[in-house]
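A.B. asks: Before we start, here is the structure in question, set down as structure tokens.
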Amino acid sequence: MVYYYMIKIMDTISSAEKLSHLMENKNFMKMLKINLLLISLIASMPSYSFGKEYKADVCVYGGSASGMMAAIAAAQRDKSVVVIEPSRWLGGFIGGGSRIMRDCVYADDIGGLTRMMMSKDIEMDGGPSLDTYTKVRGINMGFGPHDKQPEFRKLFADLGKENGIEIIYEHRLGVVELKGKHIQELKLDYAPPQKDGCPAPLATKKNAIKITAKVFIDASYDGDLMAEAGVPYTVGRESKDQYGESLAGQRNLKIFNISPYLKKGDPSSGLLPMIDSQPYVEGAASRHIIAYNFRLFWMKAGKGVLPGEPSRYTPQDYALAHRALEDNKQLISWPHNNYNRYKMISSGIPGRQADYPDADWPKRAKIWREWIDHVKIMHKITGSKRGLMTGEYPETNDFPHYLYTRLARRMIGEYVMTQHDLMLQTDIDNPIALGYYMVDIYPCRLIATPEGKVASEGETSYLVSPGPYQIPYGSITPSKKDCDNLLVPVCISASHTALASIRMEPTYMIMGEAAGIAAARSLEENVAVQNIDQKVFRKELLEAGMIVQWDGTGYESGGVYGKKPYWITNPEEYSKKPYRSLYKGRRHESATGGSGQVRDQAFSSIEDWNRKKPGYAWLFPYLDKNADGKISREEHQAFQEYKKKNNDWTTTLKAKLVRE
């Protein structure tokens with residue numbers, strides 16, 4: 001447009017003589033001033049002209065670990081893929097403060113690309129093989145969450161290159177163009193994060209890139225694409241009654257012996273900052289969700305790098321912390337690598353996370369900055385001399401570039417997962433993955449009790465799953481009436497209680513791979529993502545080594561945090577499927593860590609085979625001589641005899657299967 005006005009002026013001024021004559025013309029001079037003013041105004045405005053344009057079969061918004069698994073799965077099926085990552089780093093929380101194996105208690109029911117990534121995780125530490133890990137059942141192997149963070153980020157970047165995936169960094173969602181309920185294209189804003197990883201409040205350039213694709217996958221932690229596409233979603237905690245979930249809603253007060261009022265013991269003086277004014281109602285819904293924080297790694301005093309001075313510090317905002325430091329330091333947990341759920345104040349700002357999920361970028365950047373400052377303020381007022389480990393985040397002054405937003409928006413899709421699914425009390429159609437973890441909710445807020453004390457509420461840590469639960473395809477798809485070419489493997493369709501268990505990174509990664517395979521099926525069949533052929537889809541999942549069904553063995557547990565399993569303390573909630581009816585046998589461990597099994601070596605299905613023989617999905621058709629979908633003892637024994645006589649059996653059989 002600037003160019004247009006310059007041409008108009010130059011057309012008018014064709015010679016020096018004419019210019020001299022025109023300078024005496026008042027109307028011309030007025031027009032010239034107006035045009036020059038327009039040029040100045042237009043030049044100073046943010047650019048709305050498009051830069052690059054990308055066309056792809058599949059567009060993945062969010063380069064999280066889940067997003068990268070989705071992208072790789074689609075690319076491996078000969079689909080062109082573009083990944084959009086608003087930050088400068090891939091992997092999300094994997095490489096941003098955690099690692100794949102950290103929250104994986106049982107690994108032998110995890111398959112596909114995620115199992116491959118788990119093996120790479122262990123290899124980085126020179127640890128035992130994944131097979132050895134899976135034999136030591138129920139034991140977290142103690143993988144430090146903060147080791148090898150740069151290596152993880154590089155691993156995801158290398159995988160992107162190896163699979164021919166186009167990755168766009170430092171751009172975030174601007175506009176979603178729809179035709180009916182079908183996403184046509186995305187317009188991205190260029191918005192590089194600030195030097196410490198905090199998002200930019202405003203974009204540097206609007207509409208910098210246009211993306212056109214056939215299928216879209218929202219693998220972000222915030223669910224921005226899902227929301228902008230008009231897909232219904234929810235935030236906050238559901239009430240106990242909404243889905244009949246015993247662990248839902250406001251619950252579990254932990255009382256601290258300290259006054260919540262501006263003047264100690266005087267309710268009329270008002271509440272201190274950090275204390276939420278909304279009343280506590282047991283079991284009721286709440287806007288407050290699970291706590292956020294940064295995942296940090298503190299060195300011993302005098303080592304590492306100190307977090308530095310906050311950008312803003314108002315002592316009154318931290319009056320509660322100051323009071324605790326004066327009256328009872330035991331109420332404060334600082335410094336802490338994660339979040340101390342049993343203390344009044346730890347690594348997060350109590351309740352502040354409630355404002356994050358639906359915030360625009362200026363407000364998100366403000367909240368994120370407050371969390372960075374929280375770390376610095378707590379270090380300042382406690383006088384800690386411990387420093388952060390150096391080398392983890394060289395591009396952001398050794399400070400994590402990802403805020404640990406444990407969950408944000410949650411889609412309301414084809415199927416809403418609830419606590420009942422985690423308890424194995426439902427029948428799941430079209431499963432795509434298995435999940436397994438306790439319902440793990442960090443404190444949601446601080447309140448004032450009627451007795452005039454401070455209390456946290458919402459903390460929950462119960463193992464409710466007697467074994468791994470199935471995750472249905474409908475939980476990652478919107479209803480067709482809402483959007484027909486979008487898959488959502490992170491902000492899935494689930495209650496707050498359910499997602500508090502599902503939210504582990506390995507589970508997100510498995511769902512991401514399933515989304516990538518589903519996107520490829522949608523393209524192959526030329527149908528909406530909700531209408532793909534489920535039999536063909538399931539076959540592809542199994543061929544990829546995915547495990548979608550539990551064999552009923554190996555998960556009887558002693559509970560977590562010293563608590564008995566929920567099915568022991570609340571058996572009445574398991575009346576539909578009593579927990580003992582779910583077990584079909586028990587695996588036992590030898591004294592040396594080897595695993596034996598109280599049953600014959602037969603395989604009831606390809607899922608059973610993939611679980612016990614990960615990476616050998618290709619071999620199943622050869623062993624299944626009668627094509628009944630099972631491997632009998634006789635079929636397996638015949639294969640063992642074949643192996644004894646053929647040292648190069650792997651090469652021979654793979655060549656044979658290719659010929660066939």
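The values are calculated or read from the model by the stated rules, or taken from the named source; none is laboratory data. Predicted, not measured: the structure shown is a model, and the values here were computed from it. Backbone-built Cβ (ideal geometry, glycine too); neighbour counts: all protein chains shown. Note: areas computed on protein heavy atoms with side chains; ligands, DNA, RNA excluded. Shrake-Rupley method; radii C 1.70, N 1.55, O 1.52, S 1.80 Å.
A.B. asks: List the residues whose amide H sits under 5 Å from the amide H of Y233, counting only those 5 or more places along or on another chain, with H placed 1.01 Å from N in the peptide plane.
C.D. replies: Those lying under 5 Å, H to H, from Y233 are I412.
A.B. asks: I'd like the carbon and sulfur percentage of the solvent accessible area for the stretch 139-290, probe radius 1.4 Å, heavy atoms only, ligands and nucleic acids excluded.
C.D. replies: Roughly 50 percent, rounded to a whole number.
A.B. asks: Would you pull out the residues with amide H under 5 Å of H171's amide H, same chain only if 5 or more places away, H placed 1.01 Å from N?
C.D. replies: Amide H neighbours of H171, under 5 Å, 5+ apart: E85, A191.
A.B. asks: Can you list the lysines whose alpha carbon is less than 18 Å from that of K300, not counting same-chain residues fewer than 8 positions off?
C.D. replies: K376, K380, K385
A.B. asks: Something else about it: At a 1.4 Å probe radius, carbon and sulfur cover how many percent of the accessible area of the stretch 64-126?
C.D. replies: 43
A.B. asks: Could you list which residues have their amide H under 5 Å from that of V416, counting only those 5 or more apart in sequence or on another chain, with H placed in the peptide plane?
C.D. replies: Close amide H contacts, sequence-distant or interchain: none at all.
A.B. asks: Which value, in Å², gives the accessible area per residue of the stretch 418-487 when a 1.4 Å probe is used on the protein heavy atoms?
C.D. replies: 22
A.B. asks: Here is a follow-up. If r is the Cβ-Cβ distance from T449 to K52 and R0 is 41 Å, what FRET efficiency results, to the nearest 0.05?
C.D. replies: With a Förster radius of 41 Å, E is 0.10.
A.B. asks: Given labels modelled 7 Å from the Cα in the Cβ direction, how far is it in nm from S311 to E641?
C.D. replies: 7.3
A.B. asks: Roll a 1.4 angstrom probe over the protein heavy atoms and tell me the percent of accessible area of the stretch 325-481 that is carbon or sulfur.
C.D. replies: 46
A.B. asks: Same structure again: Accessible area of Y462, 1.4 Å probe, to the nearest 10 Å²?
C.D. replies: Probe radius 1.4 Å; accessible area of Y462 about 60 Å².
A.B. asks: Work out the FRET efficiency for D628 and K329 from their Cβ-Cβ distance, taking R0 = 60 Å, and round it to the nearest 0.05.
C.D. replies: 0.35
A.B. asks: Using all Cα-Cα distances in the stretch 217-338, what percent lands in each 10 angstrom bin from 0 up to the longest?
C.D. replies: P(r) for the stretch 217-338, in whole percents per bin: 9, 24, 33, 25, 9, 0.
A.B. asks: Kindly report, to the nearest 10 Å², the accessible surface of Y402 as traced by a 1.4 Å probe over protein heavy atoms only.
C.D. replies: Counting only protein heavy atoms, Y402 exposes about 30 Å² to solvent.
A.B. asks: How would E607, E572 line up by accessible area, probe 1.4 Å, largest first?
C.D. replies: Ranking E607, E572 by accessible area, largest first, yields E572, E607.
A.B. asks: Give the residue list of trypsin sites (Lys or Arg not before Pro) in the stretch 166-231 that are DSSP loop and have at most 11 other beta-carbon atoms within 10 angstrom.
C.D. replies: Of the trypsin sites (Lys or Arg not before Pro), the ones in loops of the stretch 166-231 whose Cβ has at most 11 other Cβ atoms within 10 Å are K195.
A.B. asks: Continuing with this model, one more query. Residues of the stretch 190-348: accessible area per residue at 1.4 Å, in Å²?
C.D. replies: Normalised by residue count, the accessible surface of the stretch 190-348 is 44 Å².
A.B. asks: Would you mind getting me the FRET efficiency between D429 and N531? Use the beta-carbon distance for r and R0 = 22 Å, nearest 0.05.
C.D. replies: Efficiency at R0 = 22 Å is approximately 0.90.
A.B. asks: I've got another one for you. Would you mind counting up the charge near P192? Only other residues with Cβ under 11 Å from its Cβ, with Lys and Arg at +1 and Asp and Glu at -1.
C.D. replies: Spelling it out: positives minus negatives among the neighbours equals +2.
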